[in-house]
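Please read the structure below before turning to the comments.
The values are calculated or read from the model by the stated rules, or taken from the named source; none is laboratory data. A quick note: this is a predicted structure, and the numbers were derived from the prediction, not measured. Neighbour counts are summed over all protein chains in view; Cβ atoms, including those assigned to glycine, are modelled from backbone coordinates with ideal geometry.
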Amino acid sequence: MTRPVIAIDGPAGAGKSTIAKIVAERLNFIYIDTGAMYRAVTLEFLATNQPFSEELVTKIAEKINITFKSEPGCNHVYVDGKEVTEAIRSVVVTNNVSKVSAVVGVREAMVSAQREIGSVGGVVMDGRDIGTVVFPQAEVKVFLTANVVERAKRRYEELKNKGQKVNLEVLTQEIAQRDKFDSERKVSPLCCAKNAHYLDTSHLDINAVVDAILHLCKV
């Protein structure tokens with residue numbers, strides 16, 4: 001019997017990646033960070049030092065080779081064999097990824113790759129449109145969210161621990177702006193799938209969220 005696909009969607013800073021990694025480890029599933037894929041395309045675009053154009057980012061998305069290597073506590077991301085795990089989490093990539101990911105050609109290329117990876121089942125995918133577009137037939141769908149202030153605090157601590165200088169107030173504004181952009185874009189907007197389980201993590205710790213999702217998986 002094919003193992004299920006677990007789709008975890010939600011806005012920036014909701015803790016999707018952290019939760020998805022743990023759930024995948026507990027179930028011995030493959031974890032696919034779809035957000036990292038869009039970030040990788042964004043990183044490659046920024047490296048060209050060229051003005052933004054839909055044609056350019058689409059070409060990059062169609063040619064890029066993104067692979068993952070999971071280890072306990074870390075999901076390594078590679079672009080054409082070069083590790084970019086930390087580079088794709090930089091502030092400049094974060095501030096540009098929504099614009100890149102909104103391009104139709106980029107989304108088509110990434111969705112095709114994501115469907116191919118997840119076709120065998122036994123995967124946990126997190127992103128913005130996994131349960132609505134990539135795998136609408138996913139057996140388990142979760143919409144993970146938290147209030148903007150809480151999400152900003154979490155992202156602030158994450159970046160500070162990595163040695164990056166960030167301003168909490170500015171970060172809060174950027175996350176709110178990204179929410180608006182992601183939810184209003186014409187292609188695959190951020191939204192909760194009709195049959196997804198809505199889970200507000202504002203006042204939940206990591207273990208409680210993981211347990212809630214595992215419960216949905218009947219584990």
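The condition of being more than 13 Å from the chain's Cα centre (by Cα), surrounded by 17 or more Cβ atoms within 10 Å (Cβ to Cβ) and among the hydrophobic types (A, V, I, L, M, F, W, C) holds for only one of I64, I19, that being I64. State yes or no: is T132 at pLDDT 90 or above, part of a helix (DSSP H, G or I) and either under 15 Å from the mean Cα position of the chain (by Cα) or crowded, with 21+ Cβ neighbours inside 10 Å (or both)? Yes, satisfied. Set side by side, the residues V57, V104, V97, V92 differ, and just one is β-branched (V, I, T) and under 25 Å from I22 (Cβ atoms), which is V97. Determine whether V106 is more than 28 Å from E86 (Cβ to Cβ), assigned to a helix (DSSP H, G or I) and of a type in the set (A, V, I, L, M, F, W, C). So V106 does not fit the description; no. Those helices (runs of 4 or more DSSP H) of segment 1-71 in which at least 1 residues are more than 22 Å from V91 (Cα to Cα), considering only elements entirely within it, cover 16-27, 54-63.
Hey, can you tell me all the residues within segment 68-89 that are closer than 21 Å to R178 by Cα and crowded, with 17+ Cβ neighbours inside 10 Å? Within segment 68-89, A87, I88, R89 qualify. When the residues of segment 22-61 are filtered to those that are basic (K, R) and either surrounded by fewer than 24 Cβ atoms within 10 Å (Cβ to Cβ) or modelled with pLDDT under 95 (or both), the one that is farthest from the chain's Cα centre (by Cα) is K59. Go through the residues of segment 182-190 one by one and say whether even a single one is β-branched (V, I, T), within 24 Å of N28 (Cα to Cα) and part of a loop (DSSP other than H, G, I, E, B). No, that holds for no residue. Pairs meeting the criteria (first residue in segment 150-163 and within 19 Å of D200 (Cα to Cα), second residue in a helix (DSSP H, G or I) and among the basic types (K, R), beta carbons under 7 Å, at least 6 apart or on different chains) are lacking.
Here L199, L214 are screened, and the one residue that is in a helix (DSSP H, G or I) and modelled with pLDDT of 90 or more is L214.
Considering R115, R107, the condition of being buried (at least 19 other Cβ atoms within 10 Å of the Cβ) and within 25 Å of P4 (Cβ to Cβ) is satisfied by R107 alone.
Reported count of residues in segment 173-186, each being more than 16 Å from the chain's Cα centre (by Cα) and surrounded by 15 or more Cβ atoms within 10 Å (Cβ to Cβ), is 3.
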